[in-house]
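Comments concern the structure below.
The values are calculated or read from the model by the stated rules, or taken from the named source; none is laboratory data. None of these values were measured; they are calculated from a predicted model. Glycine gets a Cβ as well: all are built from the backbone with ideal geometry, and neighbour counts include every protein chain shown.
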Amino acid sequence: MLVPKDKNDLVSINQFDVYHLTEDELSRLTYEFQQWFEKTRGVVRSRYWLVFLFLRYTGARITEVLSIDETRDIDFKNSTVRLITLKRINKAKQHRVIPIPDRLISEYLRVVKLFPSIEQKAFKLKKNNFLIVFKKLCKKANIPSEIAHPHVLRHTRAIELIRNGIPVTAVQTILGHSSLNTTAMYLKYSNTEIQAIMKAKGLL
């Protein structure tokens, strides 16, 4: 998802930058999802809440998260999740195992305890239905409509990881990119960001 920005403020190919949520936008969207779930707790809304959280913390594609089978894919002891990598060069089925925060495991277990009937089928949602809810809650969180798609969480997680020192090769594995060049697009910074980084490092 590429969105043009100020041409004078970019250091990127074709004057485009990967649009991602700011920390404030991500906080607002998370708040709206949680309020939506907590306000009227129910089996259906519990699934939407968990899908949102797994999208937020895995950087996975929506179809990859909706393919999770908790009985085989979530390692509760080691806090990892196994994802089917849906975009691949050959047709052979490929998986990747990525770490997830302990608090995500804890929240999953809390929600399942509240609604035991969703256990082993917490991710059984229709993609289009999730997209409708996602767009509605993005609107409440004042997220621009042109980026109100779950894929923006993938970009956001990738940039969050890189800017916290995770090697780009590790991010490539987490995202399931077949080419490092694809992951490298998240390394682009605006002039303003470069200046802030250099000041923080004492280089300016």
Handout entry: Within the range 134-155, tally of residues that are under 14 Å from F33 (Cβ atoms), in a helix (DSSP H, G or I) and touching a residue at least 60 places away in the same chain (Cβ under 8 Å)
Key = 6
Completion exercise
Of those in the range 37-82 that are among the acidic types (D, E) and touching a Leu at 6+ places or on another chain (Cβ under 8 Å), the residue farthest from V152 (Cα to Cα) is D73
Problem - Any chance I162 is buried (at least 17 other Cβ atoms within 10 Å of the Cβ) and free of Cβ contacts under 8 Å to residues at least 40 places away in the same chain - result: yes
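Considering the range 19-35 alone, what residues qualify as being of a type in the set (A, V, I, L, M, F, W, C) and either in contact with a strand residue (DSSP E or B) (Cβ under 6 Å, 6 or more places away or on another chain) or not in a loop (DSSP other than H, G, I, E, B) (or both)?
So the first thing to find is which residues in the range 19-35 are of a type in the set (A, V, I, L, M, F, W, C), and the list is 21, 26, 29, 33.
Passing the criteria: L26, L29, F33.
Being out of contact with any helix residue (DSSP H, G or I) (no Cβ under 6 Å at 6 or more places or on another chain) and either under 19 Å from S46 (Cβ atoms) or among the charged types (D, E, K, R) (or both) is true for just one of R82, R110. Which residue is that? Give the steps one after another, and end with the answer.
Details: R82 fails: out of contact with any helix residue (DSSP H, G or I) (no Cβ under 6 Å at 6 or more places or on another chain).
The conditions single out R110.
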Exercise for the section: Restricting attention to the range 145-159, report how many residues are crowded, with 19+ Cβ neighbours inside 10 Å and over 15 Å from the mean Cα position of the chain (by Cα). Expected result: 0
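Looking at D9, D17, can you tell me which residue is among the acidic types (D, E), closer than 22 Å to E160 by Cβ, over 18 Å from the mean Cα position of the chain (by Cα) and at pLDDT below 95?
Numbers: D17 fails: over 18 Å from the mean Cα position of the chain (by Cα).
The conditions single out D9.
Could you say whether any residue in the range 54-62 is surrounded by fewer than 18 Cβ atoms within 10 Å (Cβ to Cβ) and modelled with pLDDT of 95 or more?
The initial filter retains those residues of the range 54-62 that are surrounded by fewer than 18 Cβ atoms within 10 Å (Cβ to Cβ), namely none.
Scanning the range 54-62 turns up no residue that is surrounded by fewer than 18 Cβ atoms within 10 Å (Cβ to Cβ) and modelled with pLDDT of 95 or more.
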Handout entry: Residue check, V44 over 24 Å from H177 (Cα atoms), part of a helix (DSSP H, G or I), modelled with pLDDT under 95 and of a type in the set (V, I, T)
Key = yes
Exercise for the section: Would you be able to say whether some residue in the range 94-109 is surrounded by fewer than 17 Cβ atoms within 10 Å (Cβ to Cβ), modelled with pLDDT of 95 or more and among the basic types (K, R)? Expected result: yes
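For (1) hydroxyl-bearing (S, T, Y); (2) touching a strand residue (DSSP E or B) at 6+ places or on another chain (Cβ under 6 Å); (3) part of a helix (DSSP H, G or I), each residue gets a yes or a no:
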position: V81; (1), (2), (3): no, yes, no
position: L104; (1), (2), (3): no, no, yes
position: Y108; (1), (2), (3): yes, no, yes
position: S117; (1), (2), (3): yes, no, yes
position: K124; (1), (2), (3): no, no, no
Fill in the blank from the handout: The residue that is modelled with the highest pLDDT, considering only those in the range 68-79 that are within 15 Å of F54 (Cα to Cα) and part of a helix (DSSP H, G or I), is D73
